[in-house]
Amino acid sequence: MYDFVYKHKRWLQIGLLVLIVPPFALFGIDFYFRNTDTAGSLAKVGDTRISEIEFSRALRQAQEKMREMMRDKPDQSLLNSPQLKESVLNELIERQVTLSRAAKVGMTISDSELQKMIAAVDAFHDSAGKFSRERYRQLLQGEGLTPAAFENQVRTNIMLEQVRSVYSGSAFVPESVADRLLKIREQEREVSQVLFSPADYRKQVNISDADAEKYYTEHKGEFLVPERVKVEFVVLSLEAYQRGVQVSDEEIKKFYLENQSRYQTPEERRASHILIPAAASASAEEKAKAKAQAEDLFKQAKANPKKFGELAAKFSKDPGSAEKGGDLGFFGRGLMVKPFDEAAFSMKVGDIAGPVETQYGYHIIRLDAIKAVQSTPLEAVKAQIVEELRKPKVAKAFAEAADNFNNLVYEQFDSLQPAIDALKLTLQKSDWVSRVGGNPNPLLNNDKLLAALFSDEVLKNKHNTSAIEVQPNMLLAARVIGHKPPEGLPLDQVRKDIVQHLADQAATKLAEKEGRAALDKLKKGETVALSWSATQTVTLQKRQGLHPEAAQSVFGADTAKLPAYAGVPVSQGRFVIYRVTKVKDVAETSPEQRKALAKQLTQMIGQEQYIAYLASLRERADVKIDKKKLDQGS
């Protein structure tokens, strides 16, 4: 097990720290004033429940990742889409079935293994580079996590990674297969094309009034203005509380003194050494001989310290330092092997110690200099401390305000004014808002809010909505002040659009019909008068503008006899015929190329095997999903 952890040390460092994130980002502020005891389950996997809170946390994380990808232009319809919610829930279900299976086959992480993993995380180390239980506790507490909860998450994630590594690492692709695939991938084909565009056939299309009327009659549902409401609403956001929270100079100074180790550069020492090697596998006689030589050199160095560099250059077997008189430069505590480290940090400048035995042999050590602990002055880190102290204060103030906000809009259900007065909020009004979204104000496109606005309680009973988190750390409550039911658009208003749509459809069918007829003739060897484009050389990787589906057709064409032809519908209703006039195969592939492709294919196959394994586990598991709760959102 520890070998697995050692090989994945970097993954472990990142994975553990990812768990330490601000609580609001995990749960959403609404869970800070929600009675979690009443939260129901969204799904069951066997006897294990997936709670609405757990789902909301996972959904929040997925949304944050999507926001980072979309940067300055987040698409709320994607962030709140049913597809994303379903995907997140599926991941939670697959996680649970995997954990259940791992437990059944006896896969565990012992407490000692878990302690070693967590102790290896740099974030939990003190200024001396050692694991600090107090720093560990403080860091978790500052982010709203208990050690038990954190350690349980770590244990779970390690087990999941173990299962994944078993399947993703079990695939194998021979280099001979990679060679064949490389030759297919690198094969060049000289191609020209001819395009059949619907625009060229529009003049042949005639759409009558009767055609438009028939389509309108049969598709009236397509020409409805959806149900709409006008609303007034108030917004409570974390941003407003960030400006109002202050941190005193006394608090700053106290925090600085209590955490001084965080603002210090650890002591470093500069040493020189002479290494007489003796491997762990060496015989007792060889070790004794090496030790005797080291003791003799130690005596010589003690007798004449000025000759230390000369002795190191002549006798030391450490190639990196011997040519520099044994100089190792400055290093911090814990960077050298333990016996060497303990000796170097117990010496005074000018002292010579030895022989010190390590797994590399025997060392004679001279301490050359000490660089004392250096403290960063308070003024240099004041802004950083202020931000660190403000963060929990802002979170607490906002959580209290959110709790009050939620209570006010719920208890005073017939008006938003009590919340406005108590929390100094601004009343805003909307234009017409549709239940299908796409509203100009992005805050009003939240699925959960729209569902509430069109519910009987809000629409018919004229109650406030509950406080709904429409963006991270931003709550909104609204009430309906105007309503319009769905309205059918008159034929005259949509006639032009219908005619355009039907003409496009007909022209597209004509273009494809003509294209396929020409393709059939060409494949039979008949002559067809077509305006072919200039030829271009393409490969499966360098498609030179070929549509992916077109590339598949071009390289799937039988080239035993040239020219060869292929045809495929592409975007905007167009149909394209491709003519292949020349094929050039790759004679040789390099070992590096074969190895790289084999590795890539191995990873792909391993991932597919893991996905298939998850699917089989889920198929055997007793999975039940509350679709109503999922559709409503959490």
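Throughout, read-outs are computed from the coordinates displayed, never taken from laboratory work. These figures come from a predicted structure and were not determined experimentally. Cβ placement follows ideal geometry from the backbone for every residue including glycine, while neighbour counts extend to all protein chains displayed.
The dipole here belongs to region 523-634: it is taken about the Cα centre, uses +1 on the Cβ of Lys and Arg and -1 on the Cβ of Asp and Glu, and is about 140 debye.
If neighbour count is taken as other Cβ atoms inside 10 Å, put T98, T108 in order from fewest to most.
Details: T98 21, T108 12.
Least to most surrounded, the residues fall as T108, T98.
Neighbour counting of Cβ atoms within 10 Å sorts the residues D447, D504, D456, fewest neighbours leading, into D456, D504, D447. Within 15 Å, Cβ to Cβ, of G325, how many net charges do the neighbouring residues add up to if Lys/Arg are +1 and Asp/Glu are -1? Here the charged neighbours net out to +2. The mean sequence distance of close C-alpha pairs (under 8 Å, at least 6 residues apart), as a share of the length of region 267-372, puts its relative contact order at 44 percent.
For each of V381, V409, V231, count neighbouring Cβ atoms within 10 Å of the residue's Cβ, then give the residues from fewest to most. Write down the numbers at each step before the final one.
Details: V381 18, V409 26, V231 23.
Taking fewest neighbouring Cβ atoms as first place, the list is V381, V231, V409.
How far is helix 249-258 tilted, in degrees, relative to the longest principal axis of the Cα atoms in the chain, given as a value from 0 to 90 rounded to the nearest 10? So the helix axis and the longest Cα principal axis differ by about 60 degrees. Think of each Lys and Arg Cβ as +1 and each Asp and Glu Cβ as -1; about the Cα centre, that makes the dipole of region 379-452 roughly 180 debye. Remark: the chain is approximated by an ellipsoid whose semi-axes, taken from the C-alpha gyration tensor as √(5λ), come to 62, 45, 23 Å, largest first.
Axis of helix 82-104 versus longest Cα principal axis of the chain: the two differ by about 40°, to the nearest ten degrees. The magnitude of the dipole of the chain, with charges of +1 and -1 set on the Cβ of Lys/Arg and Asp/Glu and taken from the Cα centre, is near 1300 debye.
Remark: for residue pairs K523/K584; K496/K629; K448/K484; K496/K628, the C-alpha separation exceeds 30 Å in K496/K629; K496/K628.
Compute the distance from the alpha-carbon center of region 558-634 to that of region 183-258, in whole Å. One Cα centre to the other: 27 Å.
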